[in-house]
């Protein structure tokens, strides 16, 4: 049995385990000697998701990127079973000794102390309230959230402190917490962003295998908007030659669902994210492979990725300009070009610490 005929892992975005760029052990399976080991071959089709405790000492991360819309963020989980083939966060798993392929989707680190660490952060004397994003890297409503409820518990802390929050997700599981979100929104303390990359259910199932369907995400926008929760749509990422033609229909559907704003980012392929995306594209859409590669190069100055501030999110050149013009045109046409209400940082309060001891100053 050749590598080309290796069993495919079901409902996984990646089918490869690229070498960790920092080195360390890397194993290649020799299928020639495994052709008759049916139990092992079947196990490759259903790789289990492993939840690993992450004993982080802090939970709020700070960034100074000028093209990211937040300064502080919380990521309760590292790794993500959503399995999006394009996910820019894949390469961060290499810092943990894992790989950007199947490891990213199956080895999920869980920051079990996230709510307590968040509480400790907010009780700091030098904290000057400003919005905090959930999440900036991996999805805070990924499947693990059903079990661990770390995002919900962090929102409960935010509600107690009246700490402004922004949520970014592509999972309709966000509706589970609509009670908390409605309460926060009534005090102008929360925004929600739903990522919708395509309305094509088949493409979404392949490209984002364990996320909510496009129709479920649109329903989530509608329910959130009807509950008075400010919500916008993110078309993130736009992939030239694959989903860029859907800009008009995605924005129209989002407006009909009740979205109040819209933004986009261009596909990013940093470091080891590239091999995962290209393998997926060639395996699932071979007839579009060369076209997508060519258009990405045209949008990235002849390269496949650009890490420069100011251009990494939007690209350069004629292709990226056309995408920007198309997006801006339909965003304005559908009234999605305004800003969401500013979050209110003046309501923040620091309650009595859990230990019960009052501060002297």
Of those in segment 332-351 that are farther than 26 Å from residue 132 by Cα and either in contact with a helix residue (DSSP H, G or I) (Cβ under 9 Å, 6 or more places away or on another chain) or in contact (Cβ under 8 Å) with a residue 40 or more places away in the chain (or both), the residue surrounded by the most Cβ atoms within 10 Å (Cβ to Cβ) is 334
Subset of segment 286-313 [assigned to a loop (DSSP other than H, G, I, E, B) and without any contact (Cβ under 8 Å) to a residue 60 or more places away in the chain] = 300, 301, 302, 303, 304, 305, 306, 307, 308, 311
Any residue in segment 240-250 that is over 21 Å from residue 320 (Cα atoms) and either within 22 Å of the chain's Cα centre (by Cα) or not in a loop (DSSP other than H, G, I, E, B) (or both)?
-> no
Inside segment 314-327, the number of residues satisfying the requirement of being part of a loop (DSSP other than H, G, I, E, B) and within 19 Å of residue 248 (Cα to Cα) is 1
Could you say whether any residue in segment 33-42 is at pLDDT 85 or above and surrounded by fewer than 10 Cβ atoms within 10 Å (Cβ to Cβ)?
-> no
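The values are calculated or read from the model by the stated rules, or taken from the named source; none is laboratory data. If you're wondering where the values come from, they're calculated on a predicted model, not measured in any experiment. Here the Cβ is made from the backbone with ideal geometry for all residues, glycine too, and neighbour counts use every protein chain on show.
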